[in-house]
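The values are calculated or read from the model by the stated rules, or taken from the named source; none is laboratory data. Predicted, not measured: the structure shown is a model, and the values here were computed from it. Using ideal geometry, Cβ is built from the backbone for each residue, glycine included, and neighbour counts are taken over all protein chains shown.
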Amino acid sequence: MTSLTVNRVIATDSALALLATLRKKYGPLMFFQSGGCCDGSSPMCYQMGEFNVSADDVYLGNIGDTPFYMGHDQFEYWKHTQLIIDVVDGMGGMFSLDNGTGKRFLTRSHLFTDEENILLEKLFLPHP
């Protein structure tokens, strides 16, 4: 019998490295997947407590010990997609801690398979 683990959000090695650098400088961090206002649809990195997560926001999981959230309405649109957080050269979002580093977080995606979607329907991720 095989066991399949499905994560709603994962990160590349380069994203985890930038995250570790930012954590050393700022302490505990969190992400919120922007829904298109101000900074497009960038994953925004904040110091823990600098962004108020509402009861309607969805906790997707952790990347590098950092919680990752998305607004409920946006989640309904993206719930069949795994977010892959990566890093590319460029300017980060004006409110995100990657701004000014010469790098920025970027969201890539993978459409879940039917089997993964069935497993995800059984999962419940409470806010940490």
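Only residues that are free of Cβ contacts under 8 Å to residues at least 40 places away in the same chain, within 14 Å of Leu19 (Cα to Cα) and touching a strand residue (DSSP E or B) at 6+ places or on another chain (Cβ under 8 Å): list them for region 77-118, please. Passing the criteria: Val88, Gly102.
Residues in region 92-122 that are outside any loop (DSSP other than H, G, I, E, B) and of a type in the set (Asp, Glu): Asp114, Glu115, Glu116, Glu121.
Return yes when Thr81 is under 29 Å from Asn117 (Cα atoms), touching a Phe, Trp or Tyr at 6+ places or on another chain (Cβ under 8 Å) and modelled with pLDDT of 90 or more and no when it is not. The answer is yes for Thr81.
Just one of Pro126, Pro67 is of a type outside the set (A, V, I, L, M) and either at pLDDT below 90 or assigned to a loop (DSSP other than H, G, I, E, B) (or both); which is it? Exactly one of Pro126, Pro67 is of a type outside the set (A, V, I, L, M) and either at pLDDT below 90 or assigned to a loop (DSSP other than H, G, I, E, B) (or both), namely Pro126.
No other residue among Gln74, Gln82 is under 26 Å from Glu121 (Cα atoms) and touching a Lys or Arg at 6+ places or on another chain (Cβ under 9 Å) apart from Gln82. What are the residues in region 75-91 that are buried (at least 17 other Cβ atoms within 10 Å of the Cβ) and outside any strand (DSSP E or B), if any? Scanning region 75-91 gives Phe75, Trp78. Here is a check on your reading of the model: is Phe75 hydrophobic (A, V, I, L, M, F, W, C), under 23 Å from Thr5 (Cα atoms) and at pLDDT 90 or above? In short, yes. Applying the set (1) touching a strand residue (DSSP E or B) at 6+ places or on another chain (Cβ under 6 Å); (2) in a helix (DSSP H, G or I) to Thr21 leaves exactly one unmet item: (1).
Is it the case, given these coordinates, that Phe68 is within 16 Å of Ser41 (Cβ to Cβ) and crowded, with 17+ Cβ neighbours inside 10 Å?
In short, yes.
Residue-level check: of (1) in a loop (DSSP other than H, G, I, E, B); (2) modelled with pLDDT of 95 or more; (3) of a type outside the set (Phe, Trp, Tyr), Ser14 misses just (1).
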